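A short reminder: the numbers here are calculations on the coordinates, not readings from a lab. Because the structure is a prediction, the values reported are computed rather than measured. Every residue, glycine as well, gets a Cβ built from its backbone with ideal geometry; the counts of neighbours run over all protein chains shown.
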There are 2 protein chains.
Amino acid sequence: MPPTRGSTANPTALTPIPAPSALIESVLAQIAFDAHGLVPAVAQQHDSGEVLMVAWMDRAAVAETLKTGEGCYWSRSRQKLWRKGETSGHTQRVLEFCLDCDGDTVLLKVAQTGVACHTGRRHCFFRSLRADGFAETAAVEVDPATIYRR
Amino acid sequence: MPPTRGSTANPTALTPIPAPSALIESVLAQIAFDAHGLVPAVAQQHDSGEVLMVAWMDRAAVAETLKTGEGCYWSRSRQKLWRKGETSGHTQRVLEFCLDCDGDTVLLKVAQTGVACHTGRRHCFFRSLRADGFAETAAVEVDPATIYRR
């Protein structure tokens with residue numbers, strides 16, 4: 001069964017969740033979306049500092065993230081809103097929504113449930129360059145067949 | 001005086017620096033560059049886990065990074081190779097070059113000298129959303145006038 005989603009107040013988040021509409025509108029006005037209406041978003045595990053993944057957000061994904069407090073993106077492959085973990089339960093509870101100096105990149109500090117990567121690994125950056133090529137630095141923790149392919 | 005750059009061997013790096021040409025070619029073949037020939041790159045401070053910045057790399061920037069062991073990018077505003085810190089001395093020594101599951105995002109684990117942000121802050125993600133809007137969470141440490149605007 002998919003986890004319950006929605007605008008449950010999250011008292012541990014630094015960013016107010018659910019964010020009021022006026023605040024969401026103000027955020028959207030400050031983001032420099034690219035020609036495709038997208039902005040890259042880095043998801044970082046809030047306590048370990050691990051960079052979990054980089055994905056893209058459109059205006060609707062930013063708004064949905066701030067309303068629900070869970071990481072939502074724009075799936076470029078499926079061309080639709082992607083509520084991360086909606087099927088698999090591998091959701092990202094957003095504690096802090098940050099924007100960079102130029103307003104063209106978002107950083108989400110999150111509490112990841114389960115694994116962030118569709119390969120079943122905790123994070124997506126498991127290939128690290130060594131003398132003989134890329135080495136895998138994270139193990140598969142969950143059967144990829146159970147994870148919704150982004 | 002700009003710092004000395006070049007192919008000085010870095011024994012503390014996990015990624016071999018300078019990387020041999022064949023290894024660089026193999027990396028370039030595994031990166032999924034976008035329609036503009038670019039890939040986003042996250043620079044993360046290797047010990048603190050701090051996400052310092054997100055920038056873009058083209059093939060030449062990837063090759064230059066792996067040859068010199070210092071973070072090099074493609075400046076979209078200046079439309080040229082951007083050897084970060086070339087003028088200011090705020091360089092990034094690359095310890096680990098990582099690639100994500102889809103091959104379309106790079107993660108550099110670096111030792112940042114000075115500040116990463118052109119505003120003079122340690123990192124670029126100093127705007128964190130709170131109830132009354134974005135709060136600044138990092139102080140200006142260096143006079144921005146001394147930093148080469150990317």
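Observations on the structure shown:
- Look at B:34, B:102, A:58 and count the other Cβ atoms within 10 Å of each Cβ; fewest to most, that gives B:34, B:102, A:58.
- Residue B:59 label point (Cα plus 7 Å toward Cβ) to equivalent points in the other copies: 3.8 nm, shortest first.
- Between A:69, A:133, A:120, the residue with the greatest mean-square fluctuation in the GNM of chain A (Cα pairs under 10 Å linked by springs) is A:133.
- The ranking of B:100, A:47 by Cβ neighbour count inside 10 Å, starting from the fewest, reads A:47, B:100.
- Cα centroid separation, the stretch B:23-56 to the stretch A:21-38: 25 Å.
- Annotation for the stretch B:101-137: trypsin sites (Lys or Arg not before Pro) lying in DSSP loop with at most 15 further Cβ atoms inside 10 Å of their Cβ do not exist.
- The mean count of C-beta atoms from other chains within 10 Å of the C-beta of residues in A:66-75, rounded to a whole number, is 0.
- Of the GluC sites (Glu not before Pro) found in the stretch A:59-145, the ones in coil according to DSSP and having at most 14 other Cβ atoms within 10 Å of their Cβ are A:141.
- The stretch A:52-106: trypsin sites (Lys or Arg not before Pro) in DSSP coil with no more than 12 other Cβ atoms inside 10 Å: A:78
- Label distances, nm, residue B:32 versus same residue in remaining copies, Cβ-directed 7 Å point: 2.6
- FRET efficiency estimate (nearest 0.05) - Cβ-Cβ, residue A:111 to residue B:79, R0 45 angstrom: 0.70
- In chain B, the C-alpha radius of gyration followed by the widest Cα-Cα span (Dmax) gives 15.4, 52 angstrom.
- Least to most buried among B:118, B:36 (fewest other Cβ within 10 Å first): B:36, B:118
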